[in-house]
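None of the figures in this text is laboratory data; all of them are computed from the coordinates on show. Just so we're clear, the structure is a prediction, and the values are computed from it rather than from any experiment. Cβ placement follows ideal geometry from the backbone for every residue including glycine, while neighbour counts extend to all protein chains displayed.
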């Protein structure tokens, strides 16, 4: 590779889009192509064909319009994974109304803050959401229209069933421009305060193209959706969505037998699930001598997934199937992708010997560049331009920045967060992912950890993921976390260990000593601690809350 290629990555180009774009138009086309195909099914037996889903979307859109909602209004949507979630989302797109999706697992205060900040005109949710807005009216004071999904218990508004009781075939689809706001998706708050990520219709359309390209998804595929947001556009691609019996706020507590049953009983060909789900499903299948029979593509993201787990999962699939570990964020997805076929013996050795986590090559349409690590804003928002002098030299580590058609341009109602994370460049926008990485000589991107999780010692910079990957191979270690105790610039690295179930701490302590002796290039640790269960994010139950562990270590070290 040339020096320039070693500094930057570029994915294959995506096809150009027309001026008018609306994902809901794809659903209508799929319904005409295969009206009897199952569109969405939930574990409780509810099911809609494509024709039924199209009719349901039209009916809901008609009802919401009659309420008085207008194009550009924002609608907070609190509906569990179900056919109704899919139908309401597409109905809002069809109207040009902007759905706002907030993860309820983030906690009451954060959730109410998000609602108040986004100032919705509509609230569509299950009964307990409407009960909450009666208890906390300030957060919902902008809401004019109330729709209850389920029984309405005395509060004002309408039920979804009453709203959608009249059909209107071929309800007109808003002629939204690609640049128009399509949705606001809030981050989970696992790496800072929750922020509303503004998506345009063109960004969603580009995501669909990228997913089709990366995973070969075709009409007729069946997706068991263990992460609901990933499945919102299944039907635009002609897929059947199956919602399994899983709590989306606690995927790490799933019943593995129920996940396997959903995949096998529905003939699933595709699925996305957090690493925390596969950590439960894979051992269960091995214990019961089971194998998947229909899956062709399995994807997992949300946190680094150990190579050993990828290989174990791959061995449970039919011949010719693939495991993919896409890399990205709510603000930009997908950014890169690694398939099990890319996880060669050499790559796995490098991961497990402390070079970081390989996340693969740039996704279609994505430009990747690495810049020097700083917590300061770069450029002048909203004007300004990219400066090549920010970029690191080939082989050096830096903050990962991405540009492309799936990269979002702003955080809604958070100008300071936008200023810190975005760099405008000739009419396009770079997003600073807040992750630290490097690009290897073969054009692959490596993830080394969050910028905010870096450890600055008196002897230099440490990033957590490379060291953790080494210790995660130690027998008896479920996972590890490297955190710094003390003030930045004089932090001391401490290792925190979570044990595999049923193992003895004394055995693991002996294994750790042997591991440290074998890997002489590991950083010198100020201490090793054992934790009964790591704090993790609410969305994937996979991202380790290192700041919380840092406070825990500092309290223990006093």
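Shown here is the pair-distance distribution of segment 218-325: with all Cα-Cα distances grouped in 10 Å bins from zero up to the longest one, the shares run 15, 53, 29, 2 percent.
For segment 150-202, what does the alpha-carbon gyration tensor say about shape, rounded, prolate or oblate, given a ≥ b ≥ c as the root eigenvalues, a/c under 1.5 as rounded, and a/b over b/c as prolate?
Oblate, because a/c is 1.5 or more while a/b does not exceed b/c.
Taking all C-alpha pairs of segment 507-557, those more than 16 Å from each other amount to 56 percent.
Any idea what % of Cα-Cα pairs in segment 69-138 are farther than 20 Å?
Beyond 20 Å sits 26 percent of the P(r) for segment 69-138.
Using a 10 Å cut-off around each Cβ, can you sort 243, 140, 209 from fewest to most neighbouring Cβ atoms?
Details: 243 25, 140 20, 209 16.
By the 10 Å Cβ count, ascending, the order reads 209, 140, 243.
With the simple spin-label model, which puts each label point 7 Å out from Cα in the Cβ direction, the residue 506 to residue 287 separation comes to 2.6 nm. Run through the DSSP bridge list for segment 454-557 and note the antiparallel percent, rounded to the nearest 5. Roughly 75 percent of the DSSP beta bridges within segment 454-557 come out antiparallel.
When Rg and Dmax of the Cα atoms in Å is computed from the coordinates, the matching label among [x] 26.8, 83; [y] 23.6, 72; [z] 24.3, 80 is [y]. To the nearest ten degrees, helix 83-95 and the longest principal axis of the Cα atoms of the chain are 70 degrees apart.
Overall size of segment 23-175 from C-alpha positions, given as principal axis extents largest first: 46, 34, 27 Å. Rounded to two decimals, the Cα radius of gyration of segment 299-454 over 2.2 N^0.38 Å is 1.09. Distance between the C-alpha centres of segment 141-181 and segment 84-134: 12 Å, rounded to the whole angstrom.
On the principal axes of its alpha carbon atoms, segment 98-173 extends 41, 30, 22 Å, with the longest extent given first. Run through the DSSP bridge list for segment 23-175 and note the antiparallel percent, rounded to the nearest 5. Once the DSSP bridges in segment 23-175 are tallied, antiparallel ones form about 20 percent. Normalised by residue number, the volume inside the convex hull of the Cα atoms of segment 454-557 is 101 Å³ per residue.
Where both bridge residues fall in the chain, DSSP classifies roughly 60% of the beta bridges as antiparallel. Between the beta carbons of residue 490 and residue 141, assuming R0 = 56 Å, the FRET efficiency works out to 0.75 to the nearest 0.05. Estimated purely from DSSP H runs of n ≥ 4, each contributing -39500 (n - 2.57), the mean residue ellipticity at 222 nm for the chain is -8500 deg cm²/dmol once divided by its residues.
Relative to the dominant Cα principal axis of the chain, helix 256-265 is inclined by about 50°.
Note on residue 555/residue 461: beta-carbon distance plugged into 1/(1 + (r/R0)^6) with R0 of 22 Å gives a FRET efficiency of 0.35.
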